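> Here it is, the structure in full.
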Amino acid sequence: MTITITAFERSPDGGKGLARDTRVRWALEEAGQPYTVRLLSFGAMKEAAHLALNPFGQIPTYEEDGLALFETGAIVFHIAQRFPGLLPEDPHSRARAITWMFAALNTVEPTILDLFTARVLEGDKPWAAERLPLVGERVRSRLRQLSAHLKDADWLDGAFSAGDLMMVSVLLRARPSGILDEFPKLAAYVARGEARPAYRRAFAAQLAVNTAPPPG
Ligand SMILES: N[C@@H](CCC(=O)N[C@@H](CS)C(=O)NCC(=O)O)C(=O)O
């Protein structure tokens, strides 16, 4: 079986690990599964060959023996179901870990993406200064609630799971704004995720792509 994922030829973050292929690489590393990466330019992501894999023309995608997936939630869930190591065996614990994956993607990530849009993509608009505090407060509200749940635990629900992998990946995207560091328990939680050997391998692999000399 060969697993192939797609990633940016050059990530806009220059290799900080914020592009979403990192979470898929991390899941594969946790599961001990080798994979190959097909690198794509922004242009190639919008061409028919890639649109056949992801109609939205985005990375990452995942291919494995005739199966093609997109959306990191679906991809990480598939990896976690297919290989041991990312979801607990006990049915209730497993259902709760899956709940945390959804919570990361549906309840926490949208606020962080809005903040990115407001700070970076729309930062030069005349209304940006008025909008930014509102968007920032929505992120803070979610992080306050998450931090109150986590308390001093290492992980969200017992042992590390795909729920933590997704939540840490999402929270990492709040770091550049400085808001993550306003929540020391969450900052420590993210640091625990980053310290995992599987995360370090995933991070190093994407960094190598983004710091390699340009082809040709
Ligand atoms: N919800 C999707 C989002 C995918 C996504 O936004 N990918 C970004 C890279 S992290 C992308 O391809 N951006 C380029 C574009 O949208 O043209 C997922 O979780 O897979």
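No lab work stands behind these numbers, since they all come straight from the coordinates. The structure displayed is predicted, hence computed values, not measured ones. A quick note on method: Cβ atoms are made from the backbone with ideal geometry, for glycine too, and the neighbour counts reach across all protein chains shown.
> Tell me, Val168, Val76, Val120, Val135 in order of fewest to most beta-carbon neighbours within 10 Å?
Ascending number of Cβ neighbours within 10 Å: Val120, Val135, Val168, Val76.
> Separate question: Rounded, prolate or oblate for the chain? Axes are the square roots of the Cα gyration tensor eigenvalues, ordered a ≥ b ≥ c, and the cut-off for rounded is a/c under 1.5.
oblate
> Please tell me the relative contact order of the range 57-184 in percent, rounded to the nearest whole number, where contacts are Cα pairs under 8 Å and at least six residues apart.
Value for the range 57-184: 29 percent.
> Would you mind counting up the charge near Tyr35? Only other residues with Cβ under 14 Å from its Cβ, with Lys and Arg at +1 and Asp and Glu at -1.
-1
> Something else now. Using amide H atoms built in the peptide plane, which far-off residues or other-chain residues are under 5 Å from Glu71 H to H?
Under 5 Å from the amide H of Glu71: no residue qualifies.
> Something else now. Given a cut-off of under 8 Å on Cα pairs at least six residues apart, what relative contact order in percent is computed for the chain?
27
> As I understand it, the dipole of the range 66-170 uses +1 on the Cβ of Lys and Arg and -1 on the Cβ of Asp and Glu, about the Cα centre. Which of Pro84, Ala95, Leu132 lies farthest toward its positive end?
About the Cα centre, the residue reaching furthest to the positive side is Leu132.
> For Ser169, Ser11, Ser93, Ser141, what's the fewest-to-most ordering of other Cβ within 10 Å of each Cβ?
Ser141, Ser93, Ser11, Ser169
> Residues with beta-carbon under 11 Å from that of Ile5, excluding Ile5: net charge, scoring Lys, Arg +1 and Asp, Glu -1?
+1
> Using the crude model of +1 on Lys and Arg Cβ and -1 on Asp and Glu Cβ, and no other charge, please compute the dipole size for the chain relative to its Cα centre, in debye to 20.
Using only the charged Cβ atoms, the result is roughly 360 debye.
> Cross-link candidates for Lys151: which lysines have Cα within less than 26 Å, leaving aside residues fewer than 8 places away along the same chain?
Within the straight-line cut-off, Lys151 pairs with Lys185.
> In the chain, what percentage of the DSSP-assigned beta bridges are antiparallel, given to the nearest 5?
60
> Does the range 79-147 come out rounded, prolate or oblate, given a ≥ b ≥ c as the square roots of the eigenvalues of its C-alpha gyration tensor, rounded meaning a/c under 1.5 and, failing that, prolate meaning a/b above b/c?
Prolate is the answer for the range 79-147, as a/c is 1.5 or above and a/b outweighs b/c.
> Same structure again: Order of Val190, Val37 from fewest to most other C-beta atoms within 10 Å?
Val37, Val190
> Next question. Please state the shape class of the range 9-107: rounded when a/c is under 1.5, otherwise prolate if a/b exceeds b/c and oblate if not, all from the C-alpha gyration tensor.
It comes out prolate by the Cα gyration axes.
> Sequence-distant or interchain residues sharing an amide H contact under 5 Å with Val37, placed H: which?
Residues meeting the amide H criterion: Ile5.
> Taking the Cα centre of the range 129-216 as origin, sum charge times position over the Cβ atoms of Lys and Arg (+1) and Asp and Glu (-1), and report the length of that vector in debye to the nearest 20.
100
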